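For reference, the structure is listed below as structure tokens.
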Amino acid sequence: MDDPDAGAVARRALPLLDLTDLTETCTEPKIDALCRDARAGGVAAICVWPHFVAQGARALEGSGIRVATVINFPAGGEDCARATDDTAEALRDGADEIDLVLPYRAFLRGDAATARDMVEAVRDTCGAAVLKVILETGELADPDVIRRAGRLALEAGADFLKTSTGKSPVSATPEAAEAMLAEIRAGGREGGRAAGLKISGGLRSVADAGAYLALADRIMGPDWVSPKTLRLGASSLFGALIQARDS
């Protein structure tokens, strides 16, 4: 028997989806198909490699679906000038949202200044575009370290905290998401920057989506979740959500 709650989860999750193709084998026809799926599913955004941004922006023009791309990805290097140059180029090509990998290795070795400087520089380059900062929580591992990295990113101007690149051995986990939500909530309560959360990497089932929605409801309140505050970054999840929505 079908899960009677799966359809409700799918209808709630689809508008939060950043439909993603960051595979090494991505091609222009695959981007065309991704954009068709995005329109059919009514998702929040697509997330693609920078060299596909212009194609995605043309295909989705007038749809209200946003185009996100990745910067300093996936390695989380420390070349700030490269990150800002790549951001500026992506914005010229039509990107609405920038998903920047925090220089997390620098942060882990105690060099918070390098991490902060990059986020601040990319924030300045973004202007009105949405900035999501990828913490690579599987590498940070400890919830207290995740919270400290999240606090740095928020203080430096992030609009969203994002869990993972999806390229590391450990991607999103409920424990990491809980730590990030706690930091987002604390920042808002203390008069800091209001921000959202993007959960990315390892989302494959309707049950996965439902678990993260329930977590957000518990920590942030039942009226918090919207495309402006919560995103689900996935590709394989899309088919499961469509099937559940339509069943």
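The values are calculated or read from the model by the stated rules, or taken from the named source; none is laboratory data. Since the model is a prediction, treat every value here as computed from it, not as a measurement. Cβ placement follows ideal geometry from the backbone for every residue including glycine, while neighbour counts extend to all protein chains displayed. The protein model used for the area step is the full one, side chains on, heavy atoms only, and it has no ligands, DNA or RNA in it. Shrake-Rupley method; radii C 1.70, N 1.55, O 1.52, S 1.80 Å.
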Can you spot the lysines whose alpha carbon is less than 21 Å from residue 30's alpha carbon? Ignore those fewer than 8 places along the same chain. 167
Put a dot 7 Å past each Cα toward the Cβ at residue 223 and residue 111; how far apart are the dots in nm? 4.6
Just from its helices, what would the mean residue ellipticity at 222 nm be for the chain, if runs of 4 or more DSSP H residues each count -39500 (n - 2.57) and the sum is divided by every residue, rounded to the nearest 500 deg cm²/dmol? -15000 deg cm²/dmol
Measure of exposure for residue 27: accessible area at 1.4 Å probe, Å² rounded to 10, is 60
Rounded to whole Å², per residue accessible area for the chain with a 1.4 Å probe reads 43
Short version: ³J(HN,Hα) in whole Hz for each residue of region 32-47, in order, from phi by Karplus 6.51 cos²θ - 1.76 cosθ + 1.60 (θ = phi - 60°), x for Gly and Pro, what are they? 4, 5, 4, 5, 5, 4, 4, 5, 5, x, x, 7, 6, 7, 10, 10
Given H placed 1.01 Å from N in the peptide plane, which residues other than close sequence neighbours of residue 200 have an amide H under 5 Å from its amide H? 163, 164, 172, 233
Using only the alpha-carbon atoms, what does region 104-247 span along each of its principal axes? Please give whole angstrom values in decreasing order. 50, 33, 28
What are the ³J(HN,Hα) couplings of region 199-213, residue after residue, when phi is run through the Karplus curve with 6.51, -1.76, 1.60 and θ = phi - 60°? Round to Hz, x for glycine and proline. 9, 9, x, x, 7, 10, 10, 4, 4, 4, 4, x, 5, 6, 4
Is there a quick way to get the dipole size of the chain? I mean about its Cα centre, with the Cβ of Lys and Arg at +1 and of Asp and Glu at -1; what is the value in debye to the nearest 20? 380
Virtual spin-label span in nm between residue 24 and residue 151, 7 Å along Cα→Cβ: 3.9
May I ask you to give the percent of accessible area on the chain that is carbon plus sulfur, with a probe radius of 1.4 Å? 49
Under a 1.4 angstrom probe, counting protein chains only, how are 85, 142 ranked by accessible area, largest first? 85, 142
Can you list the residues, at least 5 places off or on another chain, whose amide H is less than 5 Å from the amide H of residue 20, using H built in the peptide plane? 47, 234, 235
